[in-house]
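Chemist: Okay, here's the structure, questions in a sec.
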Amino acid sequence: METKQVGEKLVSLCREGKNMQAIDELYSPEIVSVEAEVPQGMEKEMRGLDAVKQKNKWWFENAEIHSHSAEGPFVNGDRFAVLFDYDVTSHGKRTQMREVANYDVKDGKIVREEFLS
């Protein structure tokens, strides 16, 4: 898959709430994930599919998601960005989150994701 196709599929799956499917289908086994804000007990940078899956599992178990959206992809060569908006309740507090995620693609798989908030 070309970078644009990877980005379009990621956005489509995220819009449907199929984030774990997106990881299974689109991420490289050697994925590197970098968070803007680090949840307690986690690392800023995580490596490998298992670590990324565990991070996502934690997110969905610890946040009540009222609504979400994904806009993009915005493509440049072998990179693309997606704008995410969330309305969530976490730790008893409801907030609206907006973050940009930058993705690097190699051989049709996402090899790096970095979140900016």
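Since every read-out is calculated from the coordinates, none of them should be taken as a lab result. Please read these numbers as outputs of a predicted model, since none were measured by experiment. When we count neighbours, we look across all protein chains shown, and the Cβ atoms used for this are built from the backbone with ideal geometry, even at glycine.
Chemist: State the extension gain, in nm to one decimal, for the chain segment bounded by residue 96 and residue 63, taking 0.36 nm per residue of separation less the distance between their alpha-carbons.
Modeler: That works out to 10.7 nm of additional length.
Chemist: Give me the Å³ per residue figure for the convex hull around the C-alpha atoms of region 4-117.
Modeler: Considering the Cα atoms of region 4-117, their hull volume per residue is 90 Å³.
Chemist: Below 9 angstrom from the Cβ of residue 85, what's the summed charge of the other residues (Lys, Arg +1; Asp, Glu -1)?
Modeler: -2
Chemist: Let me ask something additional. Can you compute the charge dipole magnitude of region 3-116 about its Cα centre, using +1 on each Lys and Arg Cβ and -1 on each Asp and Glu Cβ, nothing else charged? Give it in debye, rounded to the nearest 20.
Modeler: 80 debye
Chemist: Right, another one. Take peptides 23-33, 55-65 and line them up by average Cβ neighbours within 10 Å, highest first, as a rough protection proxy.
Modeler: My ranking of the peptides, most packed first, is 23-33, 55-65.
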